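The values are calculated or read from the model by the stated rules, or taken from the named source; none is laboratory data. Note that the structure is predicted; figures quoted are calculated from it, not measured. Cβ coordinates were reconstructed from backbone atoms using ideal geometry, including for glycine residues, and neighbour counts include every protein chain displayed.
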Amino acid sequence: MTQIFLLVVSVKTTRGLIMSSFSFIQQNDSNRWLLIAPTLLLLTHAVAGIALFIFGRRVGDLPINRVGLNVYLIVTVILGSIYLMEARRSKREKPLMRTLLLVSVPAVISLALSAALWLTRWLGNAPYAPWGIGDDDVVIFLSLIFLFSWIVIALLYGSYKYLLTGGIMQIVVYFVAHALPHLSRFPEASPLGVQPGVPGHLIGLLILGGLLVYARKRIAPEFQPSLWVAVLLLTAVGSFTFYIAWSQFPENGMVLGWTETLSRPARQVPDNAWNWTRPAAQTLLYLAVTAVPLSGMAHWLTVRKK
């Protein structure tokens, strides 16, 4: 019932995103074009959630643990709704901080998908889950990429608030991803498995980022690049993260596992497991990446006319 409810909300969110994509074009501010790429990436997540739900309804099982899928759908619905409300609230230019957070939403959802897929192994696995997931280095790698992105954007725009918000959000995702298996009391979360703890490497980088922002504000307080730079970086990171996670899901007809084990025998994905929604999500991802340079050019032409 929970997944059906989330599916209904996801469909409504998808409809709202499509309508918002057209309303952005009609706005009067010069940044209206910059929201096209983040909106397409957010729409990618909405369609991806629908595709995973349809997979489960057709096959009876999932390529991702149900708990992880629910987490991904909930994050998509909540952040997607906030994105819609904020994007449609006013046609006037928004404060810098709010705009930066707005274009960061799709990238954060990409991180949630990767965390949900990584959690599958530690939450009891899933019948059609990819093999070889659950490596702790993947979480650390993605955490460093995202935190590096928050630091670079905070440094470019001289925003302590953005750095603090992104850092807290990153630490929460990191801690929840490590603590959820233990809180759920799954046997896979043994002392040899993942352990919730203080992410010292993230806190250390946050402190370093704060010092860099302080130095930047002292050296070049008036410098502020176009918001297109933030859109470029966040869309690139979010699209890359989504692509890495999405490409791991097995395709129709694929045999999972080249060796059969006692705990998990080899299994073949049904030929009709995925429908058109999976390639639709991939197409939207490519459109989001393509929209970055095109929206930047449209933004530059709009600013030039003023």
Report task. Test each condition in (1) closer than 26 Å to R278 by Cβ; (2) modelled with pLDDT under 90; (3) not aromatic (F, W, Y) for H45 and report the one that comes out false. Result -> (2)
Requested in this report: Only residues that are more than 24 Å from L119 (Cα to Cα), of a type in the set (G, A, S) and at pLDDT below 90: list them for the stretch 180-238, please.
Outcome: G204, A220, S226
Query raised in the report: Can F55 be described as out of contact with any helix residue (DSSP H, G or I) (no Cβ under 6 Å at 6 or more places or on another chain), over 21 Å from R98 (Cβ atoms) and at pLDDT 90 or above?
Result: yes
Query - Leading residue by the ranking (modelled with the lowest pLDDT) among those in the stretch 157-176 that are surrounded by 17 or more Cβ atoms within 10 Å (Cβ to Cβ) and aromatic (F, W, Y) - result: Y174
Report summary line: Of the conditions (1) at pLDDT 90 or above; (2) surrounded by 14 or more Cβ atoms within 10 Å (Cβ to Cβ), the single one that R267 does not satisfy is (1)
**Report entry** Residue list for the stretch 209-249, filter: closer than 18 Å to W150 by Cβ and either outside any helix (DSSP H, G or I) or touching a Cys at 6+ places or on another chain (Cβ under 7 Å) (or both)
**Finding:** Q224, P225
Query raised in the report: Of the numbered conditions (1) buried (at least 22 other Cβ atoms within 10 Å of the Cβ); (2) at pLDDT below 85, I140 satisfies every one except a single condition; which is it?
Result: (1)
Query - Sole exception among (1) aliphatic (A, V, I, L, M); (2) under 20 Å from the mean Cα position of the chain (by Cα); (3) modelled with pLDDT under 75 for L34, by number - result: (3)
Query - Options L123, L119: the member that is touching a Gly at 6+ places or on another chain (Cβ under 7 Å), buried (at least 19 other Cβ atoms within 10 Å of the Cβ) and at pLDDT below 80 - result: L123
